[in-house]
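The values are calculated or read from the model by the stated rules, or taken from the named source; none is laboratory data. Every value quoted in this text rests on a predicted model; they were computed, and no experiment measured them. Cβ placement follows ideal geometry from the backbone for every residue including glycine, while neighbour counts extend to all protein chains displayed. These accessible areas exclude ligands, DNA and RNA; they are computed on the full protein's heavy atoms, side chains included. Shrake-Rupley method; radii C 1.70, N 1.55, O 1.52, S 1.80 Å.
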Amino acid sequence: MKILISNDDGYQAPGIVALHAALSSVAEVEVVAPEHNNSAKSNALTLHSPLYVHTAHNGFRYVNGTPADCVHIALTGLLGYRPDLVVSGINNGANMGDDTIYSGTVGAAMEGYLFGIPSIAFSQVDKGWQELEAAAHTARQLVLQLQAQQQIGEHPWLLNVNVPNLPLPALRPLKLCRLGRRHAAERVIVQQSPRGETMYWIGGAGAAKDDSEGTDFHATAQGHVAVTPLKVDLTDHHSLDNWAALAAQFAHNSPTPTKVL
Ligand code: MN
């Protein structure tokens, strides 16, 4: 089994070091990860400046780009082979509910998935790397289990995994979850720069809004490892009929496009 590892916290982050150590005992692994922290970069690709790849002393390759850049260039030429699995993380902090839209950790895994490769994003629920070994052990166990169940093959899928920062004996079993929801983010933070200019800092993510039973928020609060299968189709399938009626009326009322100034 060949595994490509990436993350969004950067190639020196404790999370990717622990993930690499855990998975290199069960597979051939290669790391291609961002040079710097790229949290909240989602699936962004760098199109207007060149990317450079360097190799660190430990063999990790790092790129002056985003998580999706790393996986993209790895899969389109850098590796020279097709990995069986793409694993991203372990992230410093939760990626639950709406976080998955913004997350660079999920973005790296999603890039693998878009290339038709089974992919997993791992995050620890709390920041600060407490009980990182337990999260790394969980990652290895899940990969081994998926391999034993012959899920790691030609058919792509995308799993989002959040691990509570608990010691291994206290971690409760995997729980299959849907994504919860967060409240809208906290207010922007406004400060004066030393040169008298106004600076705006994006505020923190909102607190959980839907953390009811069945969500990732609920499962991790109970000490479970939360596993959510993700898809990429953003179509609102439930509202297609409603919009079809509106679209028909729209077409009827305006047979030719009108220029609005
Ligand atoms: Mn991160």
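The table for this structure:
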item	result
Sole residue being in a loop (DSSP other than H, G, I, E, B), of a type in the set (A, V, I, L, M, F, W, C) and closer than 21 Å to ASN162 by Cβ, chosen from ALA40, ALA22, ALA18, ALA44	ALA40
Which listed residue is more than 30 Å from HIS183 (Cβ to Cβ), more than 16 Å from the ligand (Cβ to nearest atom) and either in contact with a Gly (Cβ under 7 Å, 6 or more places away or on another chain) or in a loop (DSSP other than H, G, I, E, B) (or both), from HIS57, HIS72	HIS57
All strands (runs of 3 or more DSSP E) inside region 144-203 with 3 or more residues being modelled with pLDDT of 95 or more and over 22 Å from ALA27 (Cβ atoms)	172-176, 189-192, 198-201
All positions within region 172-201 that are in contact (Cβ under 8 Å) with a residue 24 or more places away in the chain and over 22 Å from ALA135 (Cβ atoms)	ARG181, HIS183
Within region 75-111, tally of residues that are in a helix (DSSP H, G or I), out of contact with any Leu (no Cβ under 9 Å at 6 or more places or on another chain) and not hydrophobic (A, V, I, L, M, F, W, C)	6
Those residues of region 112-140 which are within 16 Å of LEU4 (Cα to Cα), open to solvent by 10 Å² or more (accessible area, probe 1.4 Å) and either assigned to a helix (DSSP H, G or I) or within 13 Å of the ligand (Cβ to nearest atom) (or both), in sequence order	TYR113, LEU114, ARG140
Of all residues in region 82-104 being open to solvent by 10 Å² or more (accessible area, probe 1.4 Å) and of a type in the set (Ser, Thr, Tyr), the one that is farthest from the ligand (Cβ to nearest atom)	THR100
Members of region 2-15 found to be in contact with a strand residue (DSSP E or B) (Cβ under 6 Å, 6 or more places away or on another chain), open to solvent by less than 10 Å² (accessible area, probe 1.4 Å) and within 13 Å of the ligand (Cβ to nearest atom), listed by number	SER6, ASN7, GLY10, GLY15
Verdict on PRO164 being open to solvent by less than 30 Å² (accessible area, probe 1.4 Å), within 26 Å of GLY206 (Cβ to Cβ) and away from the ligand (no atom under 16 Å from the Cβ)	yes
Top-ranked residue in region 57-88 [being touching a strand residue (DSSP E or B) at 6+ places or on another chain (Cβ under 6 Å) and among the hydrophobic types (A, V, I, L, M, F, W, C); ranked as nearest to VAL17 (Cα to Cα)]	PHE60
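Matching residues to (1) in contact with a Leu (Cβ under 9 Å, 6 or more places away or on another chain); (2) open to solvent by less than 50 Å² (accessible area, probe 1.4 Å); (3) within 16 Å of ALA109 (Cα to Cα):
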site: VAL26; (1), (2), (3): yes, yes, no
site: ASN38; (1), (2), (3): no, yes, yes
site: LYS41; (1), (2), (3): no, no, yes
site: LEU45; (1), (2), (3): no, no, yes
site: SER49; (1), (2), (3): no, no, no
site: TYR52; (1), (2), (3): no, no, no
site: ARG61; (1), (2), (3): yes, yes, no
